[in-house]
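The values are calculated or read from the model by the stated rules, or taken from the named source; none is laboratory data. Remember, it's a predicted structure, so these values are computed and weren't measured experimentally. Counting neighbours? That spans all protein chains shown, and the Cβs are built from the backbone with ideal geometry, glycine included.
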Amino acid sequence: MHPTQQALLELLKNNITDPLTIRELKDNLGVSSPSVVYHHIRQLEKKGYLKRNPNNPHDYQIVAEGEKQIVYLNLYGMAQCGPNGSILDGTPIDRIPIASRLIKFASEDAFLVKAKGNSMKPRIREGDLIIAKKSSAAADGDIVVCVHNSEAKIKKLFRQKDTIILQSENTSAYPPIVAKPEEVKIEGIVKGVIQYN
């Protein structure tokens, strides 16, 4: 690894809770311009040491070992976008190769489910592969992979007083599901959709 990239990685690691601006990174590294910093950031991404949120430059993760360009993610069956889905039981049915650049977080936290049904149209369609980040918690408005009534579902999650509301995108055809918090187990947060249709 280039010495400037090593120094940059260390700076990013040490300031992850209070990220530096590109200009601050430039000054700390002693390089000639912000474009040099940006070049080295892109190189760290290509080499798999850095994952950035394209919509928020302050949201990034350092990947200790460096990720390969292709990673294999576990596929956990069908998650229903409608009634009568199957449960995510922790036993993957397949391992699918995915370009690591499509995953904006550490790939060991990623899993795949295949969408079934049309309640999340137009965003998610039947047969799409859903990239999710393992998490047992979610914020209001997050699209989650969850288990409700022994069925795996992909829904938008909201909290209202002592209830959880699981909402479809296709609201004209699918009314919201109102449940008690103990009836819903969040498996992960949807981070990407690979459309197959």
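Suppose we keep only residues that are charged (D, E, K, R) and not in a helix (DSSP H, G or I) within region 97-120. Which one would you say is farthest from Arg52 (Cα to Cα)? If you could, list the steps in order and put the result at the bottom.
From region 97-120, those charged (D, E, K, R) are 101, 104, 108-109, 114, 116; that's our starting set.
With the extra rule that they be not in a helix (DSSP H, G or I), the set shrinks to 104, 114, 116.
Numbers: Lys104: 6, Lys114: 25, Lys116: 30 Å.
Step by step, filter region 97-120, then rank; the result is Lys116.
Table: residues versus (1) within 29 Å of Gln69 (Cα to Cα); (2) in contact with a Ser or Thr (Cβ under 8 Å, 6 or more places away or on another chain); (3) assigned by TED's automatic domain parsing to the domain that holds Asn56.
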{"site": "Ile96", "(1), (2), (3)": "yes, no, no"}
{"site": "Ile103", "(1), (2), (3)": "yes, no, no"}
{"site": "Lys134", "(1), (2), (3)": "yes, no, no"}
{"site": "Ala138", "(1), (2), (3)": "yes, no, no"}
{"site": "Lys155", "(1), (2), (3)": "no, yes, no"}
{"site": "Asp162", "(1), (2), (3)": "no, no, no"}
{"site": "Tyr174", "(1), (2), (3)": "no, yes, no"}
{"site": "Pro181", "(1), (2), (3)": "no, yes, no"}
{"site": "Val190", "(1), (2), (3)": "yes, no, no"}
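Yes/no per residue for (1) in contact with a strand residue (DSSP E or B) (Cβ under 9 Å, 6 or more places away or on another chain); (2) aliphatic (A, V, I, L, M); (3) in a strand (DSSP E or B); (4) under 21 Å from Lys114 (Cα atoms):
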{"position": "Ser136", "(1), (2), (3), (4)": "yes, no, no, yes"}
{"position": "Ala139", "(1), (2), (3), (4)": "yes, yes, no, no"}
{"position": "Val147", "(1), (2), (3), (4)": "yes, yes, yes, yes"}
{"position": "Lys153", "(1), (2), (3), (4)": "yes, no, yes, yes"}
{"position": "Lys156", "(1), (2), (3), (4)": "yes, no, yes, yes"}
{"position": "Arg159", "(1), (2), (3), (4)": "yes, no, yes, no"}
{"position": "Val178", "(1), (2), (3), (4)": "yes, yes, yes, no"}
{"position": "Glu182", "(1), (2), (3), (4)": "no, no, no, no"}
{"position": "Ile186", "(1), (2), (3), (4)": "yes, yes, yes, yes"}
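Tell me which residues, restricted to region 149-182, are among the acidic types (Asp, Glu) and farther than 18 Å from Ser135 by Cβ.
Taking region 149-182 first, the residues among the acidic types (Asp, Glu) are 151, 162, 169, 182.
Glu151, Asp162, Glu169, listed by residue number.
Determine the pairs where a residue that is in contact (Cβ under 8 Å) with a residue 40 or more places away in the chain, located within region 171-189, has a partner that is surrounded by 14 or more Cβ atoms within 10 Å (Cβ to Cβ) and not in a strand (DSSP E or B) with Cβ atoms under 6 Å apart, the partner being 6 or more residues away or on another chain.
Note: pairs meeting the criteria are Tyr174/Ser119; Tyr174/Ser168; Ile186/Ala138; Glu187/Leu88; Gly188/Ser135; Ile189/Ser135; Ile189/Ala138; Ile189/Asp142.
Going through Asp140, Asp128, Asp109 one at a time, which residue ends up being at pLDDT 90 or above, touching a Lys or Arg at 6+ places or on another chain (Cβ under 7 Å) and on the phi < 0 side of the Ramachandran plot? Reasoning before the result, please.
On the way: Asp128 fails: touching a Lys or Arg at 6+ places or on another chain (Cβ under 7 Å); Asp109 fails: at pLDDT 90 or above.
Only one candidate qualifies: Asp140.
Quick one: is Phe158 at pLDDT 90 or above and on the phi < 0 side of the Ramachandran plot? Spell out the reasoning first.
On the way: at pLDDT 90 or above: yes; on the phi < 0 side of the Ramachandran plot: yes.
In short, yes.
Testing Leu8 on (1) surrounded by fewer than 16 Cβ atoms within 10 Å (Cβ to Cβ); (2) more than 30 Å from Met120 (Cα to Cα); (3) at pLDDT 85 or above, one condition comes back false. Which one is that?
(1)
Based on what the data block shows, is Leu157 touching a His at 6+ places or on another chain (Cβ under 9 Å) and surrounded by 19 or more Cβ atoms within 10 Å (Cβ to Cβ)? Outline the logic, then answer.
On the way: touching a His at 6+ places or on another chain (Cβ under 9 Å): no; surrounded by 19 or more Cβ atoms within 10 Å (Cβ to Cβ): yes.
Taking the combined requirement at face value, the residue does not satisfy it.
I'd like the full set of residues that are of a type in the set (Gly, Ala, Ser) and modelled with pLDDT of 75 or more, limited to region 39-71.
Restricting attention to region 39-71, the residues satisfying the condition of being of a type in the set (Gly, Ala, Ser) are 48, 64, 66.
Within region 39-71, just Gly48 meets the criteria.
Counting only residues that are surrounded by 13 or more Cβ atoms within 10 Å (Cβ to Cβ) and outside any helix (DSSP H, G or I), which one in region 17-38 is modelled with the highest pLDDT?
Looking at residues that are surrounded by 13 or more Cβ atoms within 10 Å (Cβ to Cβ) and outside any helix (DSSP H, G or I), I get Val31.
Here is a check on your reading of the model: is Val184 in contact with a Leu (Cβ under 9 Å, 6 or more places away or on another chain) and either surrounded by 13 or more Cβ atoms within 10 Å (Cβ to Cβ) or of a type in the set (Phe, Trp, Tyr) (or both)? Working first, answer last.
Details: in contact with a Leu (Cβ under 9 Å, 6 or more places away or on another chain): yes; either surrounded by 13 or more Cβ atoms within 10 Å (Cβ to Cβ) or of a type in the set (Phe, Trp, Tyr) (or both): yes.
So Val184 passes the test.
May I ask you to verify whether Glu151 is at pLDDT 85 or above, touching a Gly at 6+ places or on another chain (Cβ under 7 Å) and of a type in the set (Asp, Glu)? Walk me through how you get there before you give the answer.
On the way: at pLDDT 85 or above: no; touching a Gly at 6+ places or on another chain (Cβ under 7 Å): yes; of a type in the set (Asp, Glu): yes.
For Glu151, the condition - at pLDDT 85 or above, touching a Gly at 6+ places or on another chain (Cβ under 7 Å) and of a type in the set (Asp, Glu) - is not met.
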